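Remarks on the structure that follows.
The values are calculated or read from the model by the stated rules, or taken from the named source; none is laboratory data. Model, not experiment: these values are computed from the prediction. Cβ placement follows ideal geometry from the backbone for every residue including glycine, while neighbour counts extend to all protein chains displayed. Just so you know, the surface numbers come from the protein's heavy atoms only, side chains and all, with ligands and any DNA or RNA stripped out. Shrake-Rupley method; radii C 1.70, N 1.55, O 1.52, S 1.80 Å.
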Amino acid sequence: MTREDEIFKKLKNGDESGAAELVELYYEDILRYCMFRLPDRYLAEDAVQETFLKVFRYFDDYRHKGRFRAFLYKVAGNTCIDIMRKKRWGPIPEDAAQEESGMQKTEEQEDFRQIIRKLPPELGEIVFLRFSQELRLREIAETMGIPLRTVQSRLRRALKLLRTELEQDTGTMGERSVEKEIHKGGRTK
């Protein structure tokens, strides 16, 4: 039984401490995702709070089938879209500050953000979810509401575009693959 399953069992039995455990389990990942989607940290924090409020507001209707993580990312993505619509903002500026307090950005993480910002948004989000958030392809498909095959083809297309970009920037990639380069800078935990 996974930790998530144990938490859902607690919640089903009326133990409200499970809600705090669920937030603790996913808060940092959802915050990082919202920071990717929104132009500043304060809006991202608001989006995370709103995401968990929505999830718990309709929690009685949710049927746990082991796919809560993807469901949570989908709610967070929709919440970010709602916030952007309310504020009527355009795309996130490239120089938007997205630092976590108390944590120094590493050069690799900044490079990763710059690399994925060069991609079309639908490709950049897939690369971010795969390599920074380490979601499985099936979870990405559920999060974005697109077929698994579409995720696979978009990821291949994004990696091909990135490979071309990196080859132009550095000459040739040599033995290091684009996937290794991306993965090296993507994870922020």
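This model, with +1 at the C-beta of Lys and Arg and -1 at the C-beta of Asp and Glu, gives the stretch 1-90 a dipole about its Cα centre of some 520 debye.
What is the distance, in nm, between label points placed 7 Å from the Cα along the Cα-to-Cβ direction at residue 157 and at residue 62? Distance between label points: 3.2 nm.
Calculated from the alpha-carbon coordinates, the stretch 3-89 shows an Rg and a Dmax of 13.3, 43 Å respectively. Residue 10 contributes an accessible area of around 70 Å² to the protein surface, as traced by a 1.4 Å probe with all chains present. Could you tell me which of rounded, prolate or oblate describes the stretch 42-88, using a ≥ b ≥ c as the square roots of the eigenvalues of the alpha-carbon gyration tensor, with rounded for a/c under 1.5 and, failing that, prolate when a/b is larger than b/c and oblate otherwise? Note, shape of the stretch 42-88 comes out prolate.
Spin-label model, residue 28 to residue 169: label points 7 Å out along the Cα-to-beta-carbon direction sit 2.6 nm apart.
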